[in-house]
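Step one of this worksheet: look at the structure below.
The values are calculated or read from the model by the stated rules, or taken from the named source; none is laboratory data. Since we're looking at a predicted model, the values are computed, not measured. Every residue, glycine as well, gets a Cβ built from its backbone with ideal geometry; the counts of neighbours run over all protein chains shown. Remember, those area values only see protein heavy atoms, side chains included, never the ligands or the DNA or RNA. Shrake-Rupley method; radii C 1.70, N 1.55, O 1.52, S 1.80 Å.
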There are 2 protein chains.
Amino acid sequence: MFLATIVNSLDAKGRVSVPADFRMAATHEDFNGVIIWPALNGGAFFEAAGYNYMLEMQNAIRALPLYSKERDKLQNAFFGEARKLSFDSNGRVTMPKDVLERLGVDGEIAFVGQGDSFQIWNAQTRQSAAQNIQFEAVPHLHHLGANQNIKTPKGGLS
Amino acid sequence: MFLATIVNSLDAKGRVSVPADFRMAATHEDFNGVIIWPALNGGAFFEAAGYNYMLEMQNAIRALPLYSKERDKLQNAFFGEARKLSFDSNGRVTMPKDVLERLGVDGEIAFVGQGDSFQIWNAQTRQSAAQNIQFEAVPHLHHLGANQNIKTPKGGLS
DNA sequence: CCATATAAACCCATGCTATCCCATATGAGA
DNA sequence: TCTCATATGGGATAGCATGGGTTTATATGG
């Protein structure tokens, strides 16, 4: 499972270490690395996952009729825009130049766990976007069996 | 699996390198190359795949009665219009002149992964056609288990 | 059946980039 | 304090895309 937000730095060759925990979670015998694709919800990040996740997507897409509009669009968005990034012997990946540009990377990259997948951000961008994460989750906590009315006590974490 | 969009250039002899990943994915012991055919949905590209994909299509067509209208039409569109392009020792294929003309190729060729197959475009044409791919996929994401209403956050990828 | 033109296949060379490999720093845990 | 895993830096190597010369195949005409 992909957990936590981890920030690592891009080196002069465009490489970045994928957090060790994430490497474990992404392990697959047929491909030693991760697959990334531009966020399908239009967010300023790339989504990423192990090969296994991709195989599941492939199965879901294969269930759609050949040449149907939905299959066509999904294949283009998913397979057409995806990249395979394989780990080097130290667990790093080389980030393609155009990906770095689209992310606006300036040195630090954030890996954000999402359970079955994770996200790749420019660390700065992530920090701005993530200011109010806990509070944004509150209206949806009932899915976890929570009370409908949660009151925020005074003096939370800084 | 055919993943990513890769642009390579056509040389003076009409050759183009098939991306190494695609060569791997297309590997078949009986034919070292790819098969291409004009897009069956009428798009401005050729579809392409390894020999294996072609064998599957052949099986599907064989299931139809000989001399039936549907078998006849499919055989013509598929086998009649298809070309075998074999790899040279450096992993390139020679693009037939008429294919280049139909694609309107002006030097750069785009290979677009589609999972089980891939597409071959004039790079320019592809770029124009692919501007809003992610957003066009959104209405269909529920096939992958996604929410029906996806909100695009502010400030996406460039 | 041979001669010729055209195009396809083969071969080698080059530059660029990704990958490999080794070295070092840092921090966690025994 | 010592050991080990991780993150990071940098030199060496291998793979890939590309250009171009040479040879082989194929089709067409005599």
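Across all Cα pairs in the range A:17-97, the calculated P(r) in 5 Å bins from zero up to the longest distance comes to 3, 14, 23, 23, 18, 11, 6, 2, 0 percent per bin. Treating r as the C-beta distance of residue A:150 and residue A:128 and R0 as 22 Å, the FRET efficiency rounds to 0.30.
Could you tell me which trypsin sites (Lys or Arg not before Pro) in the range B:1-88 are loop residues by DSSP with no more than 16 other beta carbons within 10 angstrom of their beta carbon?
B:13
Once the C-beta distance of residue A:108 and residue B:98 is scaled by a Förster radius of 45 Å, the resulting FRET efficiency is 0.35 to the nearest 0.05. Placing a label point 7 Å from the Cα of residue A:115 along the Cα-to-Cβ direction, the distances to the matching points in the other copies come to 2.2 nm, shortest first.
Each listed q (0.07, 0.11, 0.13, 0.15 Å⁻¹) maps to a log10 I(q)/I(0) for the protein assembly as shown, found by the Debye formula over equal Cα scatterers with no solvent: -0.34, -0.78, -1.04, -1.31.
Only the Cβ atoms of Lys and Arg (+1) and of Asp and Glu (-1) were treated as charged; on that basis the dipole of the protein assembly as shown about its Cα centre amounts to roughly 420 debye. May I ask you to derive the FRET efficiency for residue A:67 and residue B:28 from their Cβ-Cβ distance with R0 = 25 Å, giving the value to the nearest 0.05? The formula returns an efficiency of 0.60 here. Of the trypsin sites (Lys or Arg not before Pro) found in the range B:88-158, those in coil by DSSP whose Cβ has at most 10 other Cβ atoms within 10 Å are B:151, B:154.
Simple rule: put +1 on each Lys or Arg Cβ and -1 on each Asp or Glu Cβ in the protein assembly as shown, find the dipole, and look at A:80, A:52, B:135; the Cα lying farthest toward the positive end is B:135. Which residues make up the longest stretch of chain B that has no GluC sites (Glu not before Pro) in a DSSP loop with at most 13 other Cβ atoms within 10 Å? Formally, the longest exposed-site-free interval is B:82-158. With 28 Å as the cut-off, how large is the P(r) tail for chain A, expressed as percent of Cα-Cα pairs? Every Cα pair in chain A considered, those over 28 Å come to 31 percent. Summed for both chains, how many Å² of accessible area, to the nearest 100, are buried between B and A with a 1.4 Å probe? The summed interface area works out to 3100 Å². Positive-end ranking of A:27, A:147, A:125 along the dipole of chain A, with charges on Cβ about the Cα centre, is headed by A:147.
Distance from the A-onto-B rotation axis is smallest for the Cβ of the chain A residue given, in whole Å, as A:63, 33.
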